[in-house]
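Working notes, beginning with the structure itself.
Since every read-out is calculated from the coordinates, none of them should be taken as a lab result. No experiment lies behind these values; they were computed from the predicted model shown. Here the Cβ is made from the backbone with ideal geometry for all residues, glycine too, and neighbour counts use every protein chain on show.
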Amino acid sequence: MAPPGDLALFGSGETSPAGRRVHEHLFERLGRPIDVAILNTPAGFETNATRVVDRIKQFLEHSLRNSQPNVELVHAPRADGRGTNDATALAPMLQANYLFAGPGSPSYAVRHLRDSLALRYLAERWRAGATVAAASAAAVAFGRWSLPVYEIFKAGHDPHWLDGLDILEPLGYRLAVVPHWNNREGGDDFDSARCYVGLARFAELKAQLPAEATILGIDEQTACVMEFDAARGLVLGTGSVTIERNGRVEVCHSGDSFPLERLRSA
């Protein structure tokens, strides 16, 4: 069976100069034409959800205009109504060879994409060789375990994991994807590392994961590109990727590559 297309997981910076270089790499591997579908589900609860994805569309069209991408927005904010189960709304996904989902709420994305037509289309296109790129909330949601960032960071819920969308499970990966790994937005006021939950709470979260879990931490302005045809992971951007399992920690810096087997469950 042929391997799926590339999977790019952004820690942040999908519309930054560092992110542009990641998209360029992915576009080069795809070749022409490049047909992009941007799914707005992770940000569907936000009043400016359309603007969030429109900024990404404009970035790809302007900053990567040499690649001449054709970019379509997929408005699927919820699982009900004209959303993640509406074939008409999702039609651009079936023509795309580059599918992108990005910022928003991981728990919202999980709730409205689980068992949905949108997730089925994404998985089918990916298995057929399309590239999937996920940033921030979408990257979290695609793992086996999903971090409910807003609930812990903003609402004060006790540290816990949700069952994620687990798109890599058929390939033998059981990942907890943690973007914003080295975040410092809290400065000296509060610890915002590990996707804003801080080191102390993240230590509690790690203790809750089973032995077979692999934590994939991705720094700000950095992406981990999983190239299944070459069986390698590639780190692009300004930071590093951290792989943790069974107490072992491996850090891969920008420009490094590593065997994807290191992420696969034993």
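The table below gives the values:
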item: Ranking of 145, 161 by count of other Cβ atoms within 10 Å, fewest first; result: 161, 145
item: Ascending count of other beta-carbon atoms within 10 Å, so fewest first, for 64, 122; result: 64, 122
item: Placed amide H near residue 232: partners under 5 Å, 5+ positions off or other chain; result: 227, 260
item: Relative contact order, percent, segment 7-263 [alpha-carbon distance under 8 Å, six or more residues apart]; result: 19
item: Antiparallel DSSP beta bridges within the chain, percent to nearest 5; result: 55
item: Using a Förster distance of 30 Å, the FRET efficiency for residue 201-residue 257 (Cβ separation, nearest 0.05); result: 0.40
item: q = 0.08, 0.10, 0.16, 0.17 Å⁻¹: log10 I(q)/I(0) that the Debye formula gives for the chain, counting C-alpha atoms only; result: -0.28, -0.44, -1.24, -1.42
item: ³J(HN,Hα), Karplus 6.51/-1.76/1.60, whole Hz, each residue of segment 155-162, x for Gly, Pro; result: 9, x, 5, 4, x, 7, 10, 9
item: Estimated distance in nm for a label pair at residue 161 and residue 250, the labels positioned 7 Å out from Cα along Cα-to-Cβ; result: 1.9
item: Extended-chain gain in nm, criterion 0.36 nm per residue less alpha-carbon gap, residue 51 and residue 184; result: 45.3 nm
item: Whole-percent pair-distance distribution, where bins are 10 Å wide, for the alpha carbons of segment 117-202; result: 17, 44, 25, 13, 1
item: Sorted by Cβ density within 10 Å, fewest first, the residues 41, 242; result: 242, 41
item: Under the Karplus curve 6.51 cos²θ - 1.76 cosθ + 1.60, θ = phi - 60°, whole-Hz ³J(HN,Hα) for segment 133-146, x wherever Gly or Pro sits; result: 10, 10, 10, 6, 4, 5, 4, 5, 5, 6, x, 5, 10, 10
item: Extension gain (nm, one decimal) between residue 94 and residue 72, 0.36 nm per residue minus Cα-Cα; result: 6.8 nm
item: Full-extension gain in nm, residue 128 to residue 238, via 0.36 nm per residue minus C-alpha separation; result: 36.5 nm
item: Expected-Rg normalisation [2.2 N^0.38 Å, Cα atoms] applied to segment 1-110; result: 1.06
item: Enclosed volume per residue, in Å³, of the convex hull spanned by Cα atoms of segment 1-63; result: 115
item: The chain: calculated mean residue ellipticity at 222 nm from DSSP helix runs of at least 4, using -39500 (n - 2.57); result: -8500 deg cm²/dmol
item: Alpha-carbon Rg with Dmax, taken over segment 122-266, Å; result: 14.7, 47
item: Highest to lowest packing among 169-180, 229-240, scored as the average C-beta count within 10 Å; result: 169-180, 229-240
